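I have placed the structure first, in the form of structure tokens, so that the comments after it can refer back to it.
Throughout, read-outs are computed from the coordinates displayed, never taken from laboratory work. A quick note: this is a predicted structure, and the numbers were derived from the prediction, not measured. Glycine gets a Cβ as well: all are built from the backbone with ideal geometry, and neighbour counts include every protein chain shown.
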Amino acid sequence: MYKSSLKVVELEKGDYHTLLNGSVAGVKIRIVLDTGASHSCVDKQFVDQILPELQMEANEGVNAGIGGAGFEVLVADLPDFKLGRFHKKLLENVAVIDFTHINTAYQTLKQKPVQMILGNDFCVMHKAVIDYGTNKICFS
């Protein structure tokens with residue numbers, strides 16, 4: 001069982017995001033924990049910057065989200081993913097999308113940018129338990 005600290009940030013009155021700290025390929029990242037996101041994703045600009053040689057493939061499924069549908073989604077395996085003491089040499093099948101709209105909104109709200117959204121796929125696979133009372137996420 002692994003535990004990691006989480007932080008709940010009020011973006012606007014009554015509007016919250018849950019944030020985690022982690023790393024990909026040794027580079028620290030800010031992660032939004034989003035159990036409503038069906039698939040974990042990472043910012044394409046971030047990937048292009050730190051992993052320019054990373055192999056990405058087009059996603060053949062339906063590409064839709066709160067922000068709309070029909071946007072380009074690539075898929076890649078991220079090397080050396082860490083979340084607290086949890087470590088995966090390869091975090092497989094992560095969607096790679098443009099986070100410009102997300103980070104523009106964060107900037108408007110005077111928040112630091114995020115590089116990843118940890119979605120329901122990760123939470124289900126690793127049997128996540130989120131405890132907002134202790135600000136911890138536990139998973140296997």
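Could you quote the convex hull projected area for the chain, Cα atoms only and averaged over all directions, in nm²? Don't skip to the answer; put the middle values down first.
On the way: hull surface 33.7 nm².
Dividing the Cα hull surface by four gives the mean projection, 8.4 nm².
Give the long-range amide H neighbours of LEU91: residues separated by 5 or more places, or on another chain, with amide H under 5 Å away, using H modelled in the peptide plane at 1.01 Å from N.
So LEU91 has HN proximity to LEU78, ASP80, PHE81.
Rank by packing, highest mean first: peptides 4-14, 80-90, with packing defined as the count of other Cβ atoms within 10 Å averaged across residues.
On the way: 4-14: 11.8, 80-90: 15.4.
Packing order, densest peptide first, comes out as 80-90, 4-14.
First measure r as the distance between the Cβ atoms of THR35 and LYS110, then evaluate 1/(1 + (r/R0)^6) with R0 = 25 Å and state the FRET efficiency to the nearest 0.05.
Values: r = 25 Å, r/R0 = 1.00.
Plugging the Cβ-Cβ distance into 1/(1 + (r/R0)^6) gives 0.50.
What is the set of long-range amide H partners of VAL73 at a cut-off below 5 Å, with H atoms built 1.01 Å from backbone N?
Placed amide hydrogens put ASN59 under 5 Å from VAL73.
Give the percent of DSSP beta bridges with both residues in the chain that are antiparallel, rounded to the nearest 5. Walk me through the intermediate numbers first.
Working: 35 of 41 bridges.
Rounded to the nearest five, the antiparallel share is 85 percent.
In deg cm²/dmol and to the nearest 500, what is the mean residue ellipticity at 222 nm of the chain if only DSSP H runs of at least 4 residues count, each as -39500 (n - 2.57), divided by the residue total? Write out the running numbers ahead of the final one.
Numbers: 3 runs with 22 residues, N = 140.
It lands at -4000 deg cm²/dmol.
Among ALA95, ALA76, ALA105, determine the one that fluctuates most according to a GNM of the chain built with springs between C-alpha atoms less than 10 Å apart.
Its mean-square fluctuation being the largest, the pick is ALA105.
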